[in-house]
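Student: First, the structure itself, so that you have it in front of you.
The numbers here are math on the coordinates, done by the rules we state, and not lab data. Here the structure is a predicted model, which is why all the values come from computation and not from measurement. All Cβ positions, even for glycine, are placed from backbone atoms using ideal geometry, and neighbour counts span all protein chains on display.
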Amino acid sequence: MTLPILLFFVFAGIAVGGALSLIFAREPIHSALALILVMVALAVLYLLMGAGFISAVQIIVYAGAIMVLFVFVIMLLNAGVENRTQHSIMARWLGIPLAVFLIGDLAYWMARGAHALPLAERSGSLAAGPVSTQDLSLHLFQSYLFPFEITSILILIAVLGAVVLARREP
Amino acid sequence: MIPTTHYLYLSLALFTIGIVGVLTRRNVIVMLMSIELILNAVNINLVAFSRAYGAVAGQVFAIFIITDAAAEAAVGLGIILAFFRNRETVLADEMDLLKW
C-alpha cells in the first residue's frame, strides 16, 4: 500500500466520521466543529488530487468564512440541545432501510458505470495529469469570465439579502 | 495513484449522510450544515472527474459551487436570524405558521 492510498483512506475516514458525528451530535456547536473537521479532511484530499488552489479555497472560504458564520449564529441564537421526537412513525420504521436503499442504489449504478472512465485512469497511471493552478486561472478569467462576473453579482445580492433579513425592524 | 472511483464512493457516502441529516434533524442550522455537506460531496465529484479527464472546467465549477455555498449560508442564516427574532425557535417542526 503506497503512501497516497494510505493518506486517502485516513482522511476519507476522518471525513466520513466527521460527517456522521455532524448528524448524530445533539449540540449544534458540536455539529459545526465536526463539519470543520470534514472540510479540513477534504482539503487534504483535494491536495492529493493535485488541486492545490481548490484546497486553499476550501480552507479559507469553507473552514474559515462559512463556518465562522455558522458558529457565530449558533452562539447568537444560544441554540441548545435538540431532543428527539417520536412524531413520525414512517421515519421510525422506514428511515434506516430507505437510507441503506439510497446508498446501495447509488453505489450499484456507480459500480456499473465505472467502466466508462478513461482507461489509463483505471489502470493506475493517469494520462491527463493534474490541472495546474495556472491553467485554472487562465480558464477562469478567459473562457469562464462571464459566469465569474455573474457569480460576483450573486454574492452581492446575497450580502444585501443577508443584511436586509438580519436587520432589526426600526 | 488513487483511482477516481475511490473519490466517487467517498462523495457518495458524504452525500447520503447529508441527505439523512437534512431529513432527520429538527434544528434548522444543522439542516443547513447538512446541505453544505451535500455541496462538498458534489465538489469532490467535480474535482475527481477534472483530474480523471484532465479538464479544467471541473475545478472552475468547484469554485463556483463554493461561492454559491457561501451565498446560500449567508442568506439562510439571515432567514434563521429573522425567524428566531419572531418565534424564538430554530426547530423545523415548530415552524408551522403556514400549516393549516
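Student: Could you give each residue of region A:29-43 its phi-based ³J(HN,Hα) in whole Hz, using Karplus coefficients 6.51, -1.76, 1.60 with θ = phi - 60°, and x for Gly or Pro?
Tutor: Per-residue couplings from phi come out as 5, 5, 4, 5, 5, 5, 5, 4, 4, 4, 4, 5, 4, 5, 4 Hz.
Student: Decide, for region A:1-82, between rounded, prolate and oblate: order the square roots of the alpha carbon gyration tensor eigenvalues as a ≥ b ≥ c, take rounded if a/c falls under 1.5, and otherwise choose prolate if a/b is larger than b/c, else oblate. Intermediate values should be presented prior to the final figure.
Tutor: Details: a/c = 5.51, a/b = 1.69, b/c = 3.26.
Oblate shape, in that a/c is at least 1.5 and b/c is the bigger or equal ratio.
Student: Determine how many Å³ per residue the convex hull of the Cα atoms of region B:4-92 encloses. The partial results should precede the final answer.
Tutor: On the way: hull volume 5.1 nm³, N = 89.
So the per-residue hull volume is 57 Å³.
Student: Provide a whole-number value for the mean count of partner chain Cβ atoms within 10 Å of the Cβ atoms in peptide B:78-84. Could the numbers behind the result be given before it?
Tutor: Details: counts 11, 4, 7, 8, 7, 2, 5.
Mean number of neighbouring Cβ atoms from other chains: 6.
Student: Then there's this: Provide the convex hull volume over Cα atoms per residue for region B:19-68, in Å³. Walk me through the numbers on the way to the answer.
Tutor: Numbers: hull volume 2.7 nm³, N = 50.
That works out to 54 Å³ per residue.
Student: 7 Å from Cα along Cα→Cβ at both A:T85 and A:I157: what's the point-to-point distance in nm?
Tutor: Going by the 7 Å Cα→Cβ label model, 3.3 nm.
Student: Okay, next question. With contacts defined as alpha carbon pairs under 8 Å and 6 or more residues apart, what's the relative contact order of chain A in percent?
Tutor: Working: 88 pairs, mean separation 30.6, N = 170.
The value is 18 percent.
Student: Per residue of region A:153-168, what does 6.51 cos²θ - 1.76 cosθ + 1.60 with θ = phi - 60° give for ³J(HN,Hα)? Whole Hz please, x for Gly and Pro, Karplus curve as stated.
Tutor: Residue by residue, region A:153-168 yields 5, 4, 5, 4, 4, 4, 4, 4, x, 5, 5, 5, 5, 8, 6, 6 Hz.
Student: Next up: Please name which of A:V61, A:S137, A:V38 has its Cα lying farthest along the dipole of chain A towards the positive end, using unit charges on Cβ (Lys, Arg +1; Asp, Glu -1) and the Cα centre as origin.
Tutor: So the residue we want is A:V38.
Student: Something else about it: If one takes the longest principal axis of the Cα atoms in chain B, at what angle in degrees, from 0 to 90 and to the nearest 10, does the Cα axis of helix B:57-87 lie?
Tutor: 10 degrees
Student: I need the peptides B:54-66, A:139-151, B:77-89 ranked by packing, meaning the mean over residues of other C-beta atoms within 10 angstrom, with the highest value on top. Mind dumping the intermediate values first?
Tutor: On the way: B:54-66: 19.7, A:139-151: 13.5, B:77-89: 16.4.
Averaged packing, sorted descending, gives the order B:54-66, B:77-89, A:139-151.
Student: Here is a further query. What residues have an amide H closer than 5 Å to that of B:N27, excluding those fewer than 5 places away on the same chain, when H is modeled at 1.01 Å from N in the peptide plane?
Tutor: It is B:A92, by chain and number.
Student: Further, regarding this structure: Using all C-alpha to C-alpha distances in the protein assembly as shown, build P(r) with 5 Å bins and read off the rounded percent in each one.
Tutor: 1, 6, 12, 16, 17, 16, 13, 10, 6, 3, 1, 0, 0
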